[in-house]
1. Of the residues that make up the stretch 81-93, is at least one of a type outside the set (Asp, Glu) and more than 23 Å from Ser115 (Cα to Cα)?
2. Does Asp102 count as under 21 Å from Lys43 (Cα atoms) and among the charged types (D, E, K, R)?
3. Counting just the residues of the stretch 89-105 that are among the aromatic types (Phe, Trp, Tyr) and assigned to a strand (DSSP E or B), which one comes out surrounded by the fewest Cβ atoms within 10 Å (Cβ to Cβ)?
4. Filter the stretch 59-115 down to the residues that are in contact with a Lys or Arg (Cβ under 8 Å, 6 or more places away or on another chain), of a type in the set (Ser, Thr, Tyr) and in contact (Cβ under 8 Å) with a residue 60 or more places away in the chain and list them by number.
5. Do the conditions hold for Val40, that is, is it surrounded by 12 or more Cβ atoms within 10 Å (Cβ to Cβ), over 15 Å from Leu4 (Cβ atoms) and in contact with a Ser or Thr (Cβ under 6 Å, 6 or more places away or on another chain)?
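The values are calculated or read from the model by the stated rules, or taken from the named source; none is laboratory data. Just so we're clear, the structure is a prediction, and the values are computed from it rather than from any experiment. So basically every Cβ, Gly included, is an ideal-geometry build from the backbone, and we count neighbours across all protein chains shown. The protein model used for the area step is the full one, side chains on, heavy atoms only, and it has no ligands, DNA or RNA in it. Shrake-Rupley method; radii C 1.70, N 1.55, O 1.52, S 1.80 Å.
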Amino acid sequence: QVQLVESGGALVQPGGSLRLSCEASGLIFAIYNMDWYRQVPGKQRELVAAVTSGTSTNYADSVKGRFTISRDNAKNTVYLQMNALKPEDTAAYYCRASYYHDTYWGQGTQVTVSS
């Protein structure tokens, strides 16, 4: 059974930092592309950052220069380092694993940026 478990969400002040983690089990982690998405109520889920199995990365324009995605295949974990957080970064953050037609989602972790 495949599981993706996110952690690290919290309430943080504007300008602060957080690191989200997503630990995967039940799959061959190294071959999966891993993504971070976010969603606010009433809006579509949007792609924030992606890292391929070959460790190429891609970012949404809104987070370039502030967020960094990375993966540790030995720990079956993908990370999202978020710096210089803004109130508009407030959302539920989800990780996704994909390999051809196989796609799995985590349950999400809440990030709230507020003073």
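1. No, there is no match, as no residue in the stretch 81-93 is of a type outside the set (Asp, Glu) and more than 23 Å from Ser115 (Cα to Cα).
2. So Asp102 fails the test.
3. Filtering the stretch 89-105 for residues that are among the aromatic types (Phe, Trp, Tyr) and assigned to a strand (DSSP E or B), the one surrounded by the fewest Cβ atoms within 10 Å (Cβ to Cβ) comes out as Tyr99.
4. Of everything in the stretch 59-115, those that are in contact with a Lys or Arg (Cβ under 8 Å, 6 or more places away or on another chain), of a type in the set (Ser, Thr, Tyr) and in contact (Cβ under 8 Å) with a residue 60 or more places away in the chain turn out to be Tyr79, Tyr93, Tyr94, Tyr104.
5. no
Yes/no matrix, rows are residues, columns are (1) under 15 Å from the mean Cα position of the chain (by Cα); (2) open to solvent by 40 Å² or more (accessible area, probe 1.4 Å); (3) not basic (Lys, Arg):
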| position | (1), (2), (3) |
| --- | --- |
| Ser17 | yes, yes, yes |
| Cys22 | yes, no, yes |
| Met34 | yes, no, yes |
| Glu46 | yes, yes, yes |
| Arg71 | yes, no, no |
| Tyr79 | yes, no, yes |
| Ala84 | no, yes, yes |
| Pro87 | no, yes, yes |
| Gln107 | yes, yes, yes |
